[in-house]
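Only the coordinates and a few stated rules stand behind these numbers; no lab work does. Note that the structure is predicted; figures quoted are calculated from it, not measured. Here the Cβ positions follow ideal geometry from the backbone for every residue, glycine too, while neighbour counts run over all protein chains shown.
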């Protein structure tokens, strides 16, 4: 392939692609098998990335390279130019080597980093405010006052506490004197004696008030002096928030996206109708919107797209070097809904019902619950667009009576799922799942050979809010997720394992299999964290729990068929 000037198109060698037919529709960006033309384009781009020397960016592939390690998502867009010649455009998400502009890659929709841009000027002001805040927080007088306040607060509490003990001791002594002199003194002498005790009590209270007021005034003075610093910091932070918000809003207005009909929409307009209400950070910086924008702007016809990861994965995510990935949902989906308007796009394969003619397999049934051997690709409960599910089929079987789902399996997971017939049974069995007294065993086929024979994975998980339904490993905000595992068979390129999940987090087994700190081996066919296959090779093989009526332990087992 050869690059023609500054058009950013890398043209295909005609002999290389002459046997490849063009797709009838554009790629559905959020779930796709790469078209052969995109595979050729990606191979060419990856060869460039492997051999280039111009990019001063550390992808984490060279141990000797300096700088922070930042892997990147790259994208290709196969296009036809105005003359009908085929080539591809390439882009990266975000910035690379601290810049938006690199000769091989299309420019951003809006370049916030151009010299003297409003964004850089605004950033300079915000950075200046940050420096002022840091200067105050490091100020010797400020920190000395805070230290003095802490020490004197402790000292005041100690002195006041000790004085309270003295007051109590004095009070007890006066009480003892009263008892001792009650029947000894004459009425006149007793009156003088009592008056003296009252004076002692009043003197004690006065001295206590003097001490308390002294400390109160001293600590208030210190607090007031500290507040002068902190009020200044708060004013600076308020100014920073307002400037940052205004800068972000100004930035959003600069990101204007085109579609096939050359209709324009700003980021703010696009995201105002979403659950976010406003664009999330870095919206508009992803590869596919950049590519489509350039294509529409320069009269190129989009044919197919693909994205892949290059470099080391972030610690929280599952990203494999050179592997294809869909466009992100949180930031890209609303933008691409506008950009692809009017274009014929492949159907979303997730909306296809692959199990419509499959008879549901009930392996146990009584008056309280049923146990179903769910096939892969059948939902546990109805989705937004696909109603067919274990729930919907059982509802028909039960004559319209609502099935009560006790727990769920991912659509791609096959195996045992329990569904109650009555509320009492549902409550009783579900409580066992919640208390983790149910024994569950899964079988999975992993995509590489695992050397260790058994172990336990403890990686906390949380939802990736901008890329649902993907999950993230998060040690700060994630929920505890623990999985025990054991190898049962090693093959040439795969390993079959048993999993015993000790918790029940979303995608727990898939994440613990694929993540670098887990087994670093995605489940075969896991199209979310690995690569697609004829199915996802994960099977819920074994369940053991207590029967809601007999209170006897019952066991169900269905071996995997792989």
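Summary table
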| item | result |
| --- | --- |
| Contour minus Cα-Cα distance for residue 127 and residue 212 (0.36 nm per residue) | 26.2 nm |
| Estimated inter-spin distance, residue 282 and residue 361, nm [label 7 Å along Cα→Cβ] | 4.3 nm |
| Cα centroid separation - the range 97-141 against the range 502-561, whole Å | 46 Å |
| Contact order normalised by residue count of the range 1-74, Cα under 8 Å, 6+ apart, percent | 16 percent |
| Projected label distance in nm at residue 237 and residue 250, using a 7 Å step from Cα toward the beta-carbon | 2.4 nm |
| Stretch gain in nm, segment residue 134-residue 153, where the contour uses 0.36 nm per residue and the Cα spacing is subtracted | 4.3 nm |
| Matching label, log10 I(q)/I(0) by the Debye sum over Cα atoms at q = 0.05, 0.09, 0.12 Å⁻¹ computed from the structure shown, candidates [x] -0.21, -0.66, -1.11; [y] -0.38, -0.87, -1.22; [z] -0.24, -0.72, -1.17 | [y] |
| Cα gyration tensor category, rounded, prolate or oblate, for the range 422-526 with a/c compared to 1.5 | oblate |
| Sorted by Cβ density within 10 Å, fewest first, the residues 456, 377, 24 | 24, 456, 377 |
| Fewest-first sequence of 90, 103 by Cβ atoms within 10 Å of each Cβ | 103, 90 |
| Within the range 160-176: backbone nitrogen closer than 18 Å to the residue 190 label point (7 Å, Cα to C-beta) | 174-176 |
| Theoretical ellipticity at 222 nm over the chain - DSSP helices of four or more residues, -39500 (n - 2.57) apiece, nearest 500 | -12000 deg cm²/dmol |
| Degrees between helix 118-138 axis and first principal axis of the chain (Cα, 0 to 90, nearest 10) | 30 degrees |
| Value of relative contact order over the chain, rounded to a whole percent, pairs C-alpha under 8 Å and six or more apart | 13 percent |
| Spatial separation of Cα centroids for the range 253-299 and the range 387-447, in angstrom | 41 Å |
| Length added when fully stretched, residue 517-residue 146, from 0.36 nm per residue minus Cα-Cα | 129.4 nm |
| Using alpha-carbon coordinates, inclination of helix 140-181 to the longest axis of the chain, degrees | 40 degrees |
| Helix 423-434 axis, angle to the chain major axis (alpha carbon atoms, nearest 10°) | 80 degrees |
| R0 of 35 Å, Cβ-Cβ distance residue 452-residue 66: FRET efficiency to nearest 0.05 | 0.55 |
| Order of 512, 218, 426 - criterion: other Cβ atoms within 10 Å of each residue's Cβ, fewest first | 218, 426, 512 |
